[in-house]
Amino acid sequence: MTHSSAAPLVTPLAAFSLAAYLDGPDYPRLAARLRRLNGCAQPIRLRGRVEHRDPLTGEQLHRYTTAHEPGGVLRVACKTRRASRCPACAETYRADTYQLIRAGLVGGKGVPDSVTSHPAAFVTLTAPSFGPVHTRREKNGHVQPCHPRRNAGSCPHGRPASCTARHNTDDARLGEPLCPDCYDYAGSVLFNALAPELWRRFILALRRRVAKAAGLTLAELNAAATLSFAKVAEYQRRGIVHFHAVIRLDGPDGPTSPPPSWATYDALAEAITQAVPAVSVTTPDAPVVPSRRLTWGTQLDVRPITTSGDLTDQAVAGYIAKYATKAAECLGTLDRRIGPADNLNALPVTPHARRLIAECLRLGSLDGLAALRLTEWAHMLGFRGHFSTKSRRYSTTLGALRQARITHNQQQHETSTGRLPLTPEDQVLVIAHWSYAGRGLTPGESILSAALSGYPVRLYDPSSSPQGRSTCPNSS
Ligand SMILES: [Zn+2]
Ligand SMILES: [Zn+2]
Ligand SMILES: [Zn+2]
């Protein structure tokens, strides 16, 4: 578990407000409420009431109002995926993603254990090169020189076309181009913008290859087997997304049915290896930016997932879950949208990220490229896809896991308050009135919440938080 935060900041005001809570009559209730937020640093505050009525008689069966909550508001966890915004909620998201990926590999959450015998591949799809960047490579435990090229001379901008440095892991140059003026910024952000489409085409091509290898038509394949996947997007240091995915072959009814005999790991791996170079996407035509064809990079990694050995299902679930909470801000850009009021030169980002953002804004203003919405997604360096997605048949859903937790919490709450839980079969009329009452916790509540959850204190400051590029889970 990665707990990261700004240094604890206990101001006299915070200490005073904390003391007031501890001595106040609301303390036990407040502590119980904060405990249920599990350390969320920026909960949503809601004011309102809910009434459950019998639809026939109109009789009020149950009534809840936030008026009796400490401070008159209900605090709801923010549920963000991003560790830089809320470490506690990102940890919940990571744990849920882990469960979801794991269920698709070893069973559980409604998926039978027999799924372990279905062929599954762990695949990494990368982007092509848009120019050399400073990198750290290791070979047999030794760090290799970055870009050694004998007699390489210099580029048209007078910068050396070679780098013999052996970069440390924390070297600020990592991911920065050898020459920013030679680097293909347009290609980089266009790739990010079109990567989800390239993925979609890859899956279509993969289904066709699998069918062809088995001597089936696509319709016959759909009747005989299911191809399902779960994937996450990860930003490389150079500011380009790549994908890690679990791809699995099942029988016609998904994970509950055995795959046909021809559906082996080798057949799946072969189809993946053929489908990756076979797909491309052409960028829209725009003034001064002629359309171009984008493909996956040549670096493709396809490995079998097994119950023991090098790449176990546990390890894969762990990797994917870790990637799922990383985002663009981990490589020095922002975790919020960039608006007209922003001064690009004043943003707290790396020079490379600044140029990638500038390129998104430049291309985003061109007519032909409007559909890519590069201006809106400039802070994501052009990528507007989902960080983790899966096909319908892969396993359970994040929504189902959340609902299971909510139901569990409600049952605990209702047991502790002696109230009978309402079942879905009960015919009740629910009348709810909610209004937004702000975000975050008071300084005293923050300290209390940190003490109860074990997460470090994070004082929420609405004026500075949008600038936040505080911390990331350990980048690789
Ligand atoms: Zn949160
Ligand atoms: Zn270098
Ligand atoms: Zn150059």
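Test Arg136 against the criterion of being closer than 27 Å to Val241 by Cβ and open to solvent by less than 90 Å² (accessible area, probe 1.4 Å), and give yes or no. Here the answer is yes, as Arg136 does meet what is asked.
Of the residues making up the range 53-94, those that are assigned to a loop (DSSP other than H, G, I, E, B) and either within 20 Å of Arg439 (Cβ to Cβ) or within 16 Å of ligand 2 (Cβ to nearest atom) (or both) are Glu69, Val73, Ala77, Cys78, Lys79, Thr80, Arg81, Arg82, Ala83, Ser84, Arg85, Cys86.
Put simply, of Ala103, Ala127 the only residue that is more than 16 Å from ligand 1 (Cβ to nearest atom), in contact (Cβ under 8 Å) with a residue 60 or more places away in the chain and not in a loop (DSSP other than H, G, I, E, B) is Ala103. Do we have Ala451 as assigned to a helix (DSSP H, G or I), in the same structural domain as Arg292 (by TED's automatic domain parsing), modelled with pLDDT of 60 or more and open to solvent by 70 Å² or more (accessible area, probe 1.4 Å) here? No; evaluated as a whole, the condition is false for this residue.
Filtered by the rule that a residue be of a type outside the set (A, V, I, L, M, F, W, C) and either buried (at least 17 other Cβ atoms within 10 Å of the Cβ) or not assigned by TED's automatic domain parsing to the domain that holds Gly368 (or both), the range 259-283 gives Pro259, Tyr265, Thr283.
Taken as a whole, the range 31-52 holds at least one residue that is open to solvent by 70 Å² or more (accessible area, probe 1.4 Å), in a helix (DSSP H, G or I) and away from ligand 1 (no atom under 13 Å from the Cβ).
Among the residues of the range 130-148, those identified as in a loop (DSSP other than H, G, I, E, B) and more than 11 Å from ligand 2 (Cβ to nearest atom) are Phe130, Gly131, Asn140, Gly141. Of all residues assigned to the range 77-84, at least one qualifies as being modelled with pLDDT of 85 or more and within 16 Å of ligand 1 (Cβ to nearest atom).
Restricting attention to the range 149-159, which residues are within 16 Å of ligand 3 (Cβ to nearest atom) and either in a loop (DSSP other than H, G, I, E, B) or in contact (Cβ under 8 Å) with a residue 24 or more places away in the chain (or both)? Listed by number, the residues that qualify are Arg149, Ala152, Gly153, Cys155, Pro156, His157, Gly158, Arg159. Scanning the range 161-174 for residues that are within 10 Å of ligand 2 (Cβ to nearest atom) and not aliphatic (A, V, I, L, M) gives Ser162, Cys163, Thr164, Arg166, His167, Asp171, Arg173.
Residue selection: Ser162 satisfies the criterion of being of a type in the set (Gly, Ala, Ser), surrounded by 15 or more Cβ atoms within 10 Å (Cβ to Cβ), free of Cβ contacts under 8 Å to residues at least 24 places away in the same chain and more than 16 Å from ligand 1 (Cβ to nearest atom). Filter the range 295-312 down to the residues that are part of a strand (DSSP E or B) and among the charged types (D, E, K, R), then identify the one that is most open to solvent (accessible area, probe 1.4 Å). Restricting to residues being part of a strand (DSSP E or B) and among the charged types (D, E, K, R), the top hit is Arg303.
When Ala193 is tested against (1) surrounded by fewer than 19 Cβ atoms within 10 Å (Cβ to Cβ); (2) touching a Phe, Trp or Tyr at 6+ places or on another chain (Cβ under 9 Å); (3) aliphatic (A, V, I, L, M), exactly one condition is not met: (1).
Run down Ser395, Ser388 and say which single residue is polar (S, T, N, Q) and within 19 Å of Tyr235 (Cβ to Cβ). Don't jump to the end; show me each part of the working.
Values: Ser395 fails: within 19 Å of Tyr235 (Cβ to Cβ).
Ser388 is the lone residue from the list that is polar (S, T, N, Q) and within 19 Å of Tyr235 (Cβ to Cβ).
The values are calculated or read from the model by the stated rules, or taken from the named source; none is laboratory data. Here the structure is a predicted model, which is why all the values come from computation and not from measurement. Cβ sites come from the backbone with ideal geometry, for glycine too, and all protein chains shown count toward neighbours. We work out accessible area using only protein heavy atoms, side chains counted, and drop any ligands, DNA or RNA first. Shrake-Rupley method; radii C 1.70, N 1.55, O 1.52, S 1.80 Å.
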